[in-house]
Amino acid sequence: MTIKFLYVILFLGIINSFESLSKILYVNNKKNSNIQSVVDSAQNGDTIIINQGEYRQSKILISKNITLIGKGEPVIDGKDLEGSVIYVESAKVNIKGLTIRNVKRTAIKDNAAIRLSNSKGSVIENNKIINGFFGIYLARCDNFIVKNNKIYGLSKTESSSGNGIHLFRCTTAVIRDNYIENHRDGIYLEFVSKANILRNHSLLNLRYGLHFMFSDGCDYERNKFEKNGAGVAVMYSKNVNMRLNEFENNWGSSAYGLLLKDIRDGEITQNKFNNNTIGIHMEGSNRLIFKKNDFIKNGWALKIMGNCMDNHFNQNNFISNTFDVATNSKHSYSYFDNNFWSGYTGYDIDRDGIGDVPYSPVTLFSVVSTNNPEAMILLHSFFIQILEIAEKVFPSLTPETLKDKRPLMSKIYD
């Protein structure tokens, strides 16, 4: 027992001695104004404090496990200089409190304000990035956190712009409480697993507020995506869950709140799709659960292609959409049950809150306009109204199998 106790004391002493060896180093405009030279002199475990001021530097290479802290909102300006401003290679870092601006744009390299490669356990927090080309870029990183950053782009064309937060071949990531605007994609993920995307606000991006491909086991919760070029795209992935997100004001000829393409086995619950050209567009997506979502004042609340199978829509609100559902097939392989439809005109004799007549959300004109967009000029015309009545009596073009057999009589409230 005594020997074990001595070993514990010895171990704690070794740990304390290592901690006592760590140093605090300073960068300021008067004495040590070169950030790279201070980084080179640091050892693993050291903290570098960058004091208030403006530093015109780039290609700051970090390959040690250090902490980089800005005090008094120092600015690192990479204008007209080559490469990423801060580049971390195979190291664990904590970077916070910095303002980084003016990363050089190039078609050859993905320069970023902060770029990490082969890093594990890093934290990037409370930074401001202005005109970063790529804001925060992580490649082959694991178990990291990106939080509370404000990232402002100056993108004008997709070909000359980068992404706000970019992840490539990463695992176990937390991306939360960031504000991203005016990039190509606000948040981009490719070959990423186990990512938690929480409470981010992504807006005014040229292409997508969120765009991810080949990324499995990810959760997206309480994010807001608005006024982006084409909303949010989720492609070629599985086991994806999206909860309590807001998709608003994504308008354009090919814009939507959410694109689901070739994904499977996930849940889309308690989201709000307001004022989008298309709330959700689905292609080749299977075994998804849609529950307690609000579709309000969209052009099309839902476009579901015929190659989507075994999806379940339960307890969703479809309110004041121009078209509730559109499809390109006469058959439906997905299921609608217990949803509220503002366009439902049925009755409830037994007053159990469920309509006694099934509701067919696909109208004749939605089928016609899906295949012939130029027909939209006839929307609300008397001729179309007559055709709609005839189609309800003698269905010929609308899918008879796409019905909600138990439509709700009143809106669902959380």
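Here is how the numbers come out for the structure above:
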| item | result |
| --- | --- |
| Those residues of the range 125-144 which are among the hydrophobic types (A, V, I, L, M, F, W, C), closer than 16 Å to D185 by Cα and either in contact with a strand residue (DSSP E or B) (Cβ under 6 Å, 6 or more places away or on another chain) or without any contact (Cβ under 8 Å) to a residue 12 or more places away in the chain (or both), in sequence order | I129, I130, F134, I136, L138 |
| Residue count, the range 132-180 (criterion: over 21 Å from E221 (Cβ atoms) and of a type in the set (K, R)) | 3 |
| Residue within the range 244-256 that is buried (at least 24 other Cβ atoms within 10 Å of the Cβ) and under 14 Å from N311 (Cβ atoms) present | no |
| Candidate set from the range 358-372 (those that are assigned to a loop (DSSP other than H, G, I, E, B) and within 20 Å of W300 (Cα to Cα)); member that is modelled with the lowest pLDDT | N372 |
| Residue in the range 251-266 that is of a type in the set (F, W, Y) and in a loop (DSSP other than H, G, I, E, B) present | yes |
| Subset of the range 211-227 (residues that are in a loop (DSSP other than H, G, I, E, B) and more than 8 Å from the chain's Cα centre (by Cα)) | F214, S215, G217, C218, R222, K227 |
| Subset tally (residues that are over 11 Å from the mean Cα position of the chain (by Cα), crowded, with 17+ Cβ neighbours inside 10 Å and under 18 Å from K194 (Cα atoms)) for the range 230-240 | 3 |
| Residue list for the range 41-74, restricted to those being in contact with a strand residue (DSSP E or B) (Cβ under 7 Å, 6 or more places away or on another chain), crowded, with 19+ Cβ neighbours inside 10 Å and within 17 Å of N131 (Cα to Cα) | Y55, P74 |
| Filtered residues of the range 202-229 (kept if within 18 Å of F295 (Cα to Cα) and surrounded by fewer than 24 Cβ atoms within 10 Å (Cβ to Cβ)) | E221, R222, K224, E226, K227 |
| Hits in the range 288-307 (condition: assigned to a loop (DSSP other than H, G, I, E, B), of a type outside the set (A, V, I, L, M) and closer than 15 Å to Y256 by Cβ) | N293, K297, N298, G299 |
| Any hit, the range 77-99, residues being closer than 22 Å to I180 by Cα, within 23 Å of the chain's Cα centre (by Cα) and among the aliphatic types (A, V, I, L, M) | yes |
| For S84: the one exception among (1) free of Cβ contacts under 8 Å to residues at least 40 places away in the same chain; (2) out of contact with any Ser or Thr (no Cβ under 6 Å at 6 or more places or on another chain); (3) crowded, with 17+ Cβ neighbours inside 10 Å | (1) |
| Any pair with Cβ under 9 angstrom, 6 or more apart, that starts in the range 262-274 at a residue that is touching a residue at least 40 places away in the same chain (Cβ under 8 Å) and ends at one that is acidic (D, E) and crowded, with 18+ Cβ neighbours inside 10 Å | Q270/D294 |
| Of residues in the range 102-141 being of a type in the set (V, I, T) and more than 22 Å from the chain's Cα centre (by Cα), the one nearest to S202 (Cα to Cα) | V103 |
| Residue list for the range 135-168, restricted to those being in contact with a Phe, Trp or Tyr (Cβ under 8 Å, 6 or more places away or on another chain) and of a type in the set (A, V, I, L, M) | L138, A139, I151, I165, L167 |
| Qualifying residue in the range 114-124 (condition: part of a strand (DSSP E or B), among the hydroxyl-bearing types (S, T, Y) and farther than 15 Å from Y188 by Cα) | yes |
| Pick from the range 308-362, criterion out of contact with any strand residue (DSSP E or B) (no Cβ under 9 Å at 6 or more places or on another chain) and among the aliphatic types (A, V, I, L, M), ranking: surrounded by the fewest Cβ atoms within 10 Å (Cβ to Cβ) | I349 |
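Yes or no, residue by residue, for (1) of a type in the set (K, R); (2) in a strand (DSSP E or B); (3) farther than 23 Å from N271 by Cα:
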residue: F144; (1), (2), (3): no, yes, yes
residue: G162; (1), (2), (3): no, no, yes
residue: L167; (1), (2), (3): no, yes, yes
residue: V174; (1), (2), (3): no, yes, no
residue: I187; (1), (2), (3): no, yes, no
residue: A195; (1), (2), (3): no, yes, no
residue: S202; (1), (2), (3): no, yes, no
residue: G209; (1), (2), (3): no, yes, no
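The values are calculated or read from the model by the stated rules, or taken from the named source; none is laboratory data. On a predicted model such as this, the values are computed, not experimentally measured, just so you know. All Cβ positions, glycine included, derive from the backbone under ideal geometry; neighbour counts span all protein chains shown.
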